[in-house]
Amino acid sequence: MGIAVQSLSKSFGDHQVLKDISFSISKGETTVLLGSSGAGKSTLLRMLNLLESPDQGTLNIADMAFTFHKNQRTGQKQPSSAEACQLRRKVGMVFQQYHLWPHMTVLENLIEAPVQQGMLKPEARTKAMELLARMGLTDKANAWPSSLSGGQQQRVAIARALMLSPEVLLFDEPTAALDPAITNQVVEIINELQASGITMVVVTHEVDFARKIASRVVYLENGEIVEEGTAERFTAPQTKAFERYLQH
Amino acid sequence: MGLTALFAEATVMTLGLALSSLAMGLLMAIAFSLAELSRFKPLALTTSTIVAVLRGLPEILVIFFVYFGSTHAIFLLTGEFVEVSPFLAGTIALSLIYSAYASQTLRGAFMAIPRGQAEAASALGISKVRCFFRITLPQTWRHALPGLGNQWLVLLKDTALVALIGVHDLLLQAKMTAASTYEPFTWYGIAALIYLAITLISQNILERMKSRSNRHLTSSQSKMETPTESAVTSSEATA
């Protein structure tokens with residue numbers, strides 16, 4: 001099973017950023033969350049690995065289930081940090097700003113999490129080198145993150161997330177800080193990962209990028225799902241709003 | 001015992017006092033700064049108050065208060081007269097003073113670490129405690145080192161105050177020798193030179209630690225950062 005979300009809602013103060021969101025994603029698909037900024041897509045993505053907790057709704061992901069109720073003091077509103085930890089080991093995340101740890105080399109960045117979680121150092125190193133080779137960064141293993149270009153840092157961040165062999169990989173605006181030529185590298189990596197069967201959810205506002213990677217699309221506007229379907233929706237949008245969005 | 005041996009012993013005492021206060025002070029400073037940043041308001045407020053009091057009192061008063069006050073407090077509480085050793089009282093007082101100032105440097109440094117750093121760690125299933133020691137603290141170090149180094153130099157010289165409660169440190173030794181030989185200029189001068197030597201060695205070590213803590217920055221970035229950092233350090237030194 002992949003990801004299933006049932007009536008998720010979230011407010012920051014008086015502002016409701018997500019209203020009754022429901023969708024499901026089957027295993028191995030690449031889903032794009034599309035929408036203009038402020039549509040709530042990043043918040044939704046961050047909920048999928050509990051970096052934000054919803055006010056209401058249920059979340060099924062990587063064979064774990066969470067239920068959220070806002071004003072219910074007796075029930076467990078938030079999952080325990082142990083549960084969240086367990087979930088995050090199966091659901092990796094790549095951030096828009098990469099968030100590599102600058103005081104560690106590329107290799108140290110990669111092995112930090114798996115070594116803490118019990119993988120032996122030599123084993124972690126071997127795996128890290130394999131992933132770096134896959135990303136075309138073998139020669140950068142001992143470099144500091146600050147000496148890498150944006151595109152290279154992005155690939156290190158992807159490799160770091162892959163170190164835990166996640167079932168699901170989340171991308172938050174992976175191309176927002178990259179120039180178009182480098183964007184194509186990210187497209188290739190995502191397509192290659194899809195071929196290896198990993199479930200991915202990608203937040204973006206770039207239609208061209210979305211077209212190149214998506215097998216499914218979810219279009220959001222003001223915290224609500226406006227349109228949802230397979231990649232064919234890019235050529236045959238069902239709603240006026242999505243059609244307008246695709247045109248600009 | 002020759003005067004050289006006496007001065008050597010007194011120097012070791014001064015260094016011991018300064019280093020143990022530094023170790024204890026740093027631990028307390030980390031605790032204070034985290035408490036001040038805590039989302040639990042009563043804890044943050046209590047800590048801010050303690051820090052404000054410590055920073056508002058003359059150092060010598062804190063030393064007297066800890067030395068004489070603790071003996072008195074123990075007497076009031078237990079009815080027994082326990083003498084707290086001047087060295088212990090001096091270390092506690094100096095580390096309290098150091099931690100009050102250092103906690104402010106650390107607090108600023110903690111706030112300078114982008115939130116995303118810890119977020120990336122939690123997204124990889126790294127526990128909060130481990131994240132603090134492996135991700136946050138090592139990066140804090142780089143921001144805090146210039147300020148902490150400065151406060152270490154102040155601490156080193158504050159140890160001279162502890163001579164007043166009878167710790168046999170460099171200043172007390174110089175005073176006693178000056179009195180018995182009637183050569184105050186020579187002996188205070190020698191004490192001054194020893195303090196100066198320790199300071200210069202400290203500065204050298206601090207410089208090395210600073211460049212090590214900046215080693216992960218590429219040359220272009222460190223070139224850009226060096227002038228601003230030295231500007232901060234020199235302005236702190238004059239202040």
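The values are calculated or read from the model by the stated rules, or taken from the named source; none is laboratory data. Predicted model, so just to flag it, every value in this text is computed and none were measured. Cβ: placed from backbone, ideal geometry, glycine included. Neighbour counts: every protein chain shown.
When the range B:113-134 is examined, which residues are found to be of a type outside the set (D, E, K, R), surrounded by fewer than 17 Cβ atoms within 10 Å (Cβ to Cβ), within 7 Å of chain A (Cβ to nearest Cβ) and more than 12 Å from A:CYS85 (Cα to Cα)? Answer for the range B:113-134, where residues must be of a type outside the set (D, E, K, R), surrounded by fewer than 17 Cβ atoms within 10 Å (Cβ to Cβ), within 7 Å of chain A (Cβ to nearest Cβ) and more than 12 Å from A:CYS85 (Cα to Cα): just B:GLY116. Within the range B:166-180, one or more residues are part of a helix (DSSP H, G or I) and surrounded by fewer than 13 Cβ atoms within 10 Å (Cβ to Cβ). When A:THR138 is tested against (1) more than 13 Å from chain B (Cβ to nearest Cβ); (2) under 19 Å from A:GLY92 (Cβ atoms); (3) free of Cβ contacts under 8 Å to residues at least 12 places away in the same chain, just one condition goes unmet, and that condition is (2).
Under the condition of being in contact with a Lys or Arg (Cβ under 9 Å, 6 or more places away or on another chain), buried (at least 19 other Cβ atoms within 10 Å of the Cβ) and either outside any helix (DSSP H, G or I) or of a type in the set (A, V, I, L, M, F, W, C) (or both), the residues counted in the range A:108-127 number 3.
Residues satisfying the criterion are present in the range A:220-242 (criterion: touching a residue at least 60 places away in the same chain (Cβ under 8 Å) and closer than 25 Å to A:ALA161 by Cβ).
Pairs only if they're at least six apart or on different chains, beta carbon under 6 angstrom, first in the range A:101-119 and more than 10 Å from every other protein chain (Cβ to nearest Cβ), second buried (at least 22 other Cβ atoms within 10 Å of the Cβ) and among the β-branched types (Val, Ile, Thr); list them, first residue then second. Pairs that qualify, where the first residue is more than 10 Å from every other protein chain (Cβ to nearest Cβ) and the partner is buried (at least 22 other Cβ atoms within 10 Å of the Cβ) and among the β-branched types (Val, Ile, Thr), are A:VAL106/A:VAL156. Out of contact with any helix residue (DSSP H, G or I) (no Cβ under 6 Å at 6 or more places or on another chain) and either crowded, with 21+ Cβ neighbours inside 10 Å or assigned to a loop (DSSP other than H, G, I, E, B) (or both) - does that describe any residue in the range B:65-77? No - not one qualifying residue is present in the range B:65-77.
Across the range A:47-81, the qualifying residues are those that are within 14 Å of another protein chain (Cβ to nearest Cβ) and modelled with pLDDT under 75, and the one among them that is nearest to A:SER26 (Cα to Cα) is A:PRO79. For the range B:137-159, check the following and say yes or no: at least one residue is among the β-branched types (Val, Ile, Thr) and over 25 Å from A:GLN97 (Cβ atoms). For the range B:137-159, residues among the β-branched types (Val, Ile, Thr) and over 25 Å from A:GLN97 (Cβ atoms): present. When every residue of the range A:156-172 is checked against the conditions, none turns out to be in contact with a His (Cβ under 7 Å, 6 or more places away or on another chain) and either more than 13 Å from chain B (Cβ to nearest Cβ) or not small (Gly, Ala, Ser) (or both).
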